[in-house]
Amino acid sequence: WVSNEKVFYRSGVAQIQFADQKQEFNKRPSKIGRRSLSRSISQSSTDSYSSAASYTDSSDDETSPRDKQQKNSKGNGDFCIKNIKQADFGRREIEIAEQEMPALMALRKRAQGEKPLAGAKVVGCTHITAQTAVLMETLSALGAQCRWAACNIYSTQNEVAAALAEGGFSVFAWKGESEDDFWWCIDRCVNVEGWQPNMILDDGGDLTHWIYKKYPNMFKKIKGIVEESVTGVHRLYQLSKAGKLCVPAMNVNDSVTKQKFDNLYCCRESILDGLKRTTDVMFGGKQVVVCGYGEVGKGCCAALKAMGSIVYVTEIDPICALQACMDGFRLVKLNEVIRQVDIVITCTGNKNVVVRENLDRMKNGCIVCNMGHSNTEIDVASLRTPELTWERVRSQVDHVIWPDGKRIVLLAEGRLLNLSCSTVPTFVLSITATTQALALIELYNAPEGRYKQDVYLLPKKMDEYVASLHLPTFDAHLTELTDEQAKYLGLNKNGPFKPNYYR
């Protein structure tokens, strides 16, 4: 499925420590306790893709799915979701998503006869949305068995989870999980009699962490890990540096198709969607500060600038800072503009980017939200104090009120805005999902010894193949090199056209 050439390169090691997961999944709180936990500040990396557009919100039925006994039409009950009766609605959403995911559908059509994942037992922890459903059904068509949990307590589309359960998938997820529910669902995917995973597809590293923590012997049969988020990749590099990574891992996050498409174009479109749905704010003339000018920050800034906003940027990296300046944005420190801005957006992947001191100085009505992967960028925990009052405005929108009457508008409790409050473009997710599928195929079918116990980057040949599968959607026609041109450039006429260090 990909070139047999040994073209994977190791990347640098990031110093990110595992969060200490203090709650145990088997200590089940009361119903009231579970509801209060769902409003608590999760220290796990429970954020990356999805849609909040579910037909029912988690508050519609106070009964926890863990307390229900549900079966699909075939009598199978190996799942835990909100409501199996929503399956028909979910199936229609999946069918819409299929139209915007041409590469996955092409891969399904080309490969289902050969079944390159026959015998694969994939355990996954990602956002459970219509787009993920297309990926899961593609993996199944290619021969894999799948068990799935959500990587985000707010992002699951309940109707899609129902459709997957009706289709025979073992899915454990619902919108509005508590922290305890989150780990319980992951454990139900992993800890099942008579079934043991041999591949991991993770988004954020929580699934991988849970297996290392609770079931380390499972890694004896696991062939590899595919990780798509910056947080999860950092965790893998940490394990690798410590000599504790015992299987090969594929870094999807740093593939060109993820960085230059998902991070940039997805956020460029979804930042406005998330803000509009939650606040109905008008962007023209608003002063906005965007913390971070990586690919996500670039997408957010471009969208806001196009809508007439006055955009400031904060950065630690002089290269990204210079890019922001050359793109026409004023580079500032956060404390220089915090009193005057109308909207604060974090997208750094770091922690404590916006702290209590900044929150205290914000103007009345300032909107605060996060577009980075983790929910640690805004110090929301510092707002859980007796002198501040929290008012729920609507789902994922809270007023935090100071004693003098000043209030800020906090979105998604500091979690990922677009995944918690709106939708993301399906076509862009098709690019990332296809890359994930190919990475699984490669790791699963690789001969013993090709990959060591380390973290690998995807070869550019795979990136280019994924891109080429999406070009027919635009009726695009690639120019081909002549033999003379290929020789002049020192390239193969069929690629790869970029070196492996290209990012």
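The values are calculated or read from the model by the stated rules, or taken from the named source; none is laboratory data. It should be emphasised that the depicted structure is a prediction, and the values quoted were computed from it without experimental measurement. Because the Cβ atoms are built from the backbone with ideal geometry, glycine has one as well, and the counts that use them run over all protein chains shown. Accessible surface areas use protein heavy atoms only, side chains included; no ligands, DNA or RNA. Shrake-Rupley method; radii C 1.70, N 1.55, O 1.52, S 1.80 Å.
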Around ASN72 (Cβ within 10 Å, Cβ-to-Cβ, excluding ASN72; K/R +1, D/E -1) the net charge comes to 0
Quick one: with all protein chains in place, what share of the accessible area of the stretch 263-421 is carbon or sulfur, to the nearest percent (1.4 Å probe)? 52
Alpha-carbon Debye profile of the stretch 352-402, log10 I(q)/I(0) at 0.24, 0.25 Å⁻¹: -1.10, -1.19
By accessible area of protein heavy atoms, probe 1.4 Å, what ranking do LYS298, LYS74, LYS286, LYS351 get, highest first? LYS74, LYS351, LYS286, LYS298
Calculate log10 I(q)/I(0) of the stretch 263-421 for q = 0.12, 0.15, 0.17, 0.20 Å⁻¹, where I(q) comes from the Debye formula with a single equal point scatterer on each Cα and nothing for solvent. -0.45, -0.71, -0.93, -1.33
So, R0 is 22 Å and r is the distance between the beta-carbons of ALA306 and VAL332; what FRET efficiency does that work out to, to 0.05? 0.60
Extension gain from PHE497 to VAL355, taking 0.36 nm per residue of separation minus the Cα-Cα distance: 46.7 nm
Going by Cα centres, the stretch 287-361 and the stretch 109-188 are how many Å apart? 35
Straight-line reach check, LYS71, cutoff 27 Å on alpha carbons, 8 or more apart in-chain or any other chain, hits among lysines -> LYS27, LYS31, LYS82, LYS85, LYS121, LYS175
Classify the chain from the C-alpha gyration tensor, please: rounded if a/c falls under 1.5, else prolate or oblate depending on whether a/b exceeds b/c. oblate
Cubic angstrom per residue, convex hull over Cα atoms of the stretch 115-225: 93
Is the shape of the stretch 444-503 best called rounded, prolate or oblate, per the rule: a/c under 1.5 gives rounded, else a/b larger than b/c gives prolate, else oblate, with a ≥ b ≥ c the square roots of the Cα gyration tensor eigenvalues? oblate
Assuming a ≥ b ≥ c are the square roots of the Cα gyration tensor eigenvalues, decide whether the stretch 74-141 counts as rounded (a/c under 1.5), prolate (otherwise, with a/b larger than b/c) or oblate. oblate
Per-residue HN-Hα couplings for the stretch 426-440, Karplus 6.51 cos²θ - 1.76 cosθ + 1.60 at θ = phi - 60°, whole Hz, x for Gly and Pro? 4, 4, 5, 5, 4, 5, 5, 5, 5, 4, 4, 4, 5, 5, 4
Mean accessible surface per residue for the stretch 263-421, computed with a 1.4 Å probe while every protein chain stays in place, in Å²: 41
With an 8 Å Cα cut-off and a minimum separation of 6 or more residues, compute the relative contact order for the chain in percent. 19
Protection-proxy order for peptides 421-429, 466-474, each taking the mean of Cβ atoms within 10 Å per residue, highest first: 421-429, 466-474
Just to verify a number: what accessible area does ILE222 come out at with the full protein assembly present, 1.4 Å probe, Å² rounded to tens? 10
Taking only Cα atoms of the stretch 286-364, radius of gyration then Dmax in Å: 11.6, 34
Report the calculated FRET efficiency for ARG394 and LYS452 (r = Cβ-Cβ distance, R0 = 45 Å), to the nearest 0.05. 0.35
Summed over the other residues with a beta carbon less than 9 angstrom from that of VAL252, with K and R at +1 and D and E at -1, the charge totals -2
Explain nothing, just the number: relative contact order of the stretch 217-329, from Cα pairs under 8 Å at least 6 residues apart, as a whole percent. 20
Inter-label distance, nm, simple model (7 Å from Cα along the C-beta direction), CYS325/LYS220: 5.8
Carbon and sulfur atoms account, in whole percent of the 1.4 Å probe accessible area of the stretch 72-127, for 48
For the chain, the longest stretch holding no GluC sites (Glu not before Pro) located in a DSSP loop with at most 12 other Cβ atoms within 10 Å is which? 194-386
Kirkwood estimate for the stretch 266-322, i.e. one over the average of 1/r between Cα atoms, Å: 11.5
With Cβ to Cβ distances under 13 Å as the rule, what net charge do the other residues near GLU95 carry (K, R +1; D, E -1)? -4
Rel. contact order, % - alpha carbon contacts under 8 angstrom, at least six apart, the stretch 327-376: 46
